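The values are calculated or read from the model by the stated rules, or taken from the named source; none is laboratory data. Computed from a predicted structure; not experimentally measured. Positions of Cβ are generated from backbone atoms using ideal geometry, with glycine treated the same way; all protein chains shown enter the neighbour counts.
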Amino acid sequence: MRVTQSMLSNNFLKNISKSYDQMGKISEQMQTQKKITRPSDDPVVAMKGIAYRTNLLEGQQYKRNFSEAHNWMDNTDAALDQANKALQRIRELTVKASTETLDSDQRKSISKEIEQLRNQLAEIANTKVGDKYIFNGTDTLKKPVGDVTGANPEVSTNNNPVTLELSKGVYIQVNSTGVFTEDLFTGLNNLLDKLNSGDDKVALDDDLKNIDDSMNHIINERATVGARSNRIELMEDRIDQQEILATKMMSKNEDVDMEKVITDLVMQESVQRATLGMGARIIQPSLLDFLR
């Protein structure tokens, strides 16, 4: 095949253009510190990057859910602790009121403190986290306990669990149900009626049993809350580890090795200079160069 000056020129320009393109890519990698800047540069790297970013976004959403879960659990545990202390005080007063040496006026004085403690239990039952009531099941925007002074205390019966997704497909209950019931407040009202009856002798054994049952229920519920909190902490640690691994894999997939990029750039610059020098020798600019 006959090689003409035109062919030499065209081939030289084509190759020098490719060389410039390569230098441009290496320069772009140095500036962005990324292997690719568009999916077409390497579709495999781009697809892997999308998968890693999806995992990171999911992990960040779960971490927000963990924060809300801790908020619910901590407030629930604190409220149950206050309720247990109130019931303990009610029990102490009930034991004191059952003493036969007390007269009716003294029992009425005791009833006044128990009445305040009953009202305090109603306030604890209406504990909120943000704008949500935590002891009213899934009806979190409605107050669970209303007027508790009458014969029929206003107490919600919504005991549906509130759950949060803390891992893919794993939902954990964050609320407590069945703690502040109508029976609890009805029992306390019956106790108050006995203490205010004016009788010198009143039988309070059943009332003490009801109080003990309520306290045991709260203790068991606090144990359940503690167990859930421990599981949530373990799940949170696992999500944190997954986030670290996903970030590491994403960096390994997309970030360039700067030492290698610098080496490639130096090598490409050398190739570029050699190519330009060779082109200057091969492509003669005029007929006079042949006559020298």
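Among the residues that make up the range 150-172, is at least one of them among the aromatic types (Phe, Trp, Tyr), within 24 Å of residue 77 (Cβ to Cβ) and more than 19 Å from the chain's Cα centre (by Cα)? Walk me through it before giving the result.
Step one: list which residues in the range 150-172 are among the aromatic types (Phe, Trp, Tyr), which gives 171.
Restricting the remaining residues to those that are within 24 Å of residue 77 (Cβ to Cβ) gives 171.
Cutting the leftovers down to more than 19 Å from the chain's Cα centre (by Cα) gives us none.
So far as the range 150-172 goes, no, none of its residues is among the aromatic types (Phe, Trp, Tyr), within 24 Å of residue 77 (Cβ to Cβ) and more than 19 Å from the chain's Cα centre (by Cα).
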Practice prompt. Would you mind finding the one in 151, 97, 122 that is under 21 Å from residue 87 (Cα atoms), crowded, with 17+ Cβ neighbours inside 10 Å and at pLDDT below 95?
Written response: 97
Worksheet, complete the sentence: Per the filter on the range 163-196, residues out of contact with any Ser or Thr (no Cβ under 6 Å at 6 or more places or on another chain), free of Cβ contacts under 8 Å to residues at least 24 places away in the same chain and hydroxyl-bearing (Ser, Thr, Tyr) are 163
Response to the item:
Residues of the range 171-230 being crowded, with 19+ Cβ neighbours inside 10 Å, acidic (Asp, Glu) and under 23 Å from residue 126 (Cβ atoms), in sequence order, are 221
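Taking the range 129-179 as the region of interest, how many residues are in a loop (DSSP other than H, G, I, E, B) and aliphatic (A, V, I, L, M)? If you could, list the steps in order and put the result at the bottom.
Of all residues in the range 129-179, those in a loop (DSSP other than H, G, I, E, B) come to 130-131, 134-144, 146-154, 156-162, 168-169, 174-179.
Filter once more, so that each one left must be aliphatic (A, V, I, L, M): 134, 141, 148, 151, 162, 174, 179.
The qualifying residues number 7.
Considering each of 104, 67, 109 in turn, give the residue that is farther than 22 Å from residue 234 by Cβ and without any contact (Cβ under 8 Å) to a residue 24 or more places away in the chain. Reasoning before the result, please.
On the way: 104 fails: without any contact (Cβ under 8 Å) to a residue 24 or more places away in the chain; 67 fails: farther than 22 Å from residue 234 by Cβ.
Matching residue, one of 104, 67, 109: 109.
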